[in-house]
Amino acid sequence: MNGWRFQTWTAEHPLPIGAVERAALGARVLAGEVIGSGAVLASATRVAGARRLGLEPADLPRVLRVAVGSEVKARMVIARTGRRFARAVTAPHAGRLVQMTADGDLLVAPIVGRWTVRSTLDGTVTRSDDSAVTVEGAAWGLEGVAAYGPDAIGELVLGVDSPRAELSPFRLDVRLSGRILIAGAKISAEALTRAHACGLAGIVGGAIPAAGLRVVYGDGALASGGATREDRPTVLSLLGFGSAAPAREIFEPLVSLAGSRATIHTASARLFAFGPADAADIARDAPPIALAADYASVRTLTTSCEPVGEIGLASEHRVDALRCGDDLFPVANVRGYHAR
């Protein structure tokens with residue numbers, strides 16, 4: 001089944017409400033470049049406009065000193081009429097002039113936060129509107145099962161000696177700040193907490209313990225399908241939850257690509273690495289994976305699987321099954337590495 005691929009990928013980057021700037025259609029961008037930015041606004045304050053100036057609502061636009069959508073400072077003049085006996089409308093507080101109403105009033109909203117969206121691919125902008133910016137470009141790509149956190153950009157570095165190793169918290173320090181760390185079969189809650197404290201951009205591991213995600217992201221992390229806290233490291237699970245060692249076909253290319261620029265695109269749960277097309281002798285296929293009988297972990301299947309028809313489960317349901325070596329698995333519990 002599909003594993004690593006060097007090909008042209010497409011990454012869609014949704015934009016929060018309040019976009020002010022975004023990359024132009026057809027623009028060339030690099031991974032990590034800002035492709036969208038904006039502000040988070042609080043409830044707007046209504047300010048008398050035309051009435052205060054003694055104008056008809058239709059005449060208000062011609063006396064505006066600030067364009068709708070622009071930022072304003074407290075007590076800044078928004079509109080003004082006359083010279084010797086001037087009348088003026090001023091901003092009640094700092095923020096943004098967001099609207100002019102049909103009856104000639106003005107709405108000014110405080111800015112309570114700012115956001116930026118960065119590209120996760122080197123490539124060309126193929127879509128750019130108020131809802132999303134899409135970038136298309138070539139890279140090594142690997143699809144995981146789930147990702148938590150904001151999109152991550154950083155250098156890919158090795159954190160374990162083998163795919164079966166557990167990431168030790170003692171290997172994490174501030175020298176790894178801003179980097180994407182390659183982990184092994186398991187990442188403990190302590191390691192995730194230390195990764196957050198040390199400022200890591202992201203962690204890529206075979207499996208992620210649910211307890212560790214709750215420690216870093218809170219109780220709603222699993223239910224939400226992906227946290228977006230900007231101050232937390234991004235976590236990419238390649239196989240599932242609990243403990244699972246990545247197959248050789250997955251781990252060895254990660255080692256070969258260490259030192260390359262890399263990104264994690266959270267929405268698609270993909271890792272992109274920007275090495276050359278001939279960076280390594282990377283296997284094109286990876287073995288399927290199966291959910292273990294205890295439903296607490298997943299594992300890579302190294303033996304072939306054959307259909308055996310229906311089997312009965314403890315719940316008394318009957319499902320189609322596969323025999324993989326000495327084990328039986330429901331068909332739904334076995335899938336190719338690339339399947340979502």
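With the structure loaded, tell me whether GLU33 is free of Cβ contacts under 8 Å to residues at least 60 places away in the same chain and within 30 Å of THR266 (Cβ to Cβ) or whether it fails that test. Taking the combined requirement at face value, the residue does not satisfy it.
Taking the stated definitions as given, is ARG84 out of contact with any strand residue (DSSP E or B) (no Cβ under 7 Å at 6 or more places or on another chain) and either outside the structural domain of ALA191 (by TED's automatic domain parsing) or assigned to a strand (DSSP E or B) (or both)?
Working: out of contact with any strand residue (DSSP E or B) (no Cβ under 7 Å at 6 or more places or on another chain): yes; either outside the structural domain of ALA191 (by TED's automatic domain parsing) or assigned to a strand (DSSP E or B) (or both): yes.
So ARG84 passes the test.
Only one of LEU156, LEU239 is in a strand (DSSP E or B), modelled with pLDDT under 85 and either crowded, with 18+ Cβ neighbours inside 10 Å or of a type outside the set (Ser, Thr, Tyr) (or both). Can you tell me which?
Working: LEU156 fails: modelled with pLDDT under 85.
Of the residues listed, the single one that is in a strand (DSSP E or B), modelled with pLDDT under 85 and either crowded, with 18+ Cβ neighbours inside 10 Å or of a type outside the set (Ser, Thr, Tyr) (or both) is LEU239.
What tally of residues in the range 70-109 results from selecting those that are small (Gly, Ala, Ser), exposed (fewer than 13 other Cβ atoms within 10 Å of the Cβ) and farther than 16 Å from ARG52 by Cα? Qualifying residue count for the region: 1. When ARG28 is tested against (1) touching a residue at least 12 places away in the same chain (Cβ under 8 Å); (2) outside the structural domain of HIS265 (by TED's automatic domain parsing); (3) loosely packed, with under 15 Cβ neighbours inside 10 Å; (4) among the basic types (Lys, Arg), just one condition goes unmet, and that condition is (2). Residues of the range 186-212 that are surrounded by fewer than 24 Cβ atoms within 10 Å (Cβ to Cβ) and either without any contact (Cβ under 8 Å) to a residue 12 or more places away in the chain or assigned to a helix (DSSP H, G or I) (or both): ALA189, GLU190, THR193, ARG194, HIS196, ALA197, CYS198, ALA210, ALA211, GLY212. Residues that are part of a loop (DSSP other than H, G, I, E, B) and under 30 Å from ALA267 (Cβ atoms) occur at least once in the range 64-78.
Rundown of residues vs (1) of a type in the set (S, T, N, Q); (2) in a strand (DSSP E or B), yes/no style:
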residue	(1), (2)
ARG96	no, yes
GLN99	yes, yes
GLY104	no, no
GLY113	no, yes
VAL117	no, yes
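Would you check if there is a residue in the range 143-150 being crowded, with 16+ Cβ neighbours inside 10 Å and either at pLDDT 95 or above or not assigned by TED's automatic domain parsing to the domain that holds THR266 (or both)? Step through it out loud before you land on a result.
Residues of the range 143-150 crowded, with 16+ Cβ neighbours inside 10 Å: 143-150.
Narrowing the set further to residues that are either at pLDDT 95 or above or not assigned by TED's automatic domain parsing to the domain that holds THR266 (or both) leaves none.
Scanning the range 143-150 turns up no residue that is crowded, with 16+ Cβ neighbours inside 10 Å and either at pLDDT 95 or above or not assigned by TED's automatic domain parsing to the domain that holds THR266 (or both).
The values are calculated or read from the model by the stated rules, or taken from the named source; none is laboratory data. None of these values were measured; they are calculated from a predicted model. All Cβ positions, even for glycine, are placed from backbone atoms using ideal geometry, and neighbour counts span all protein chains on display.
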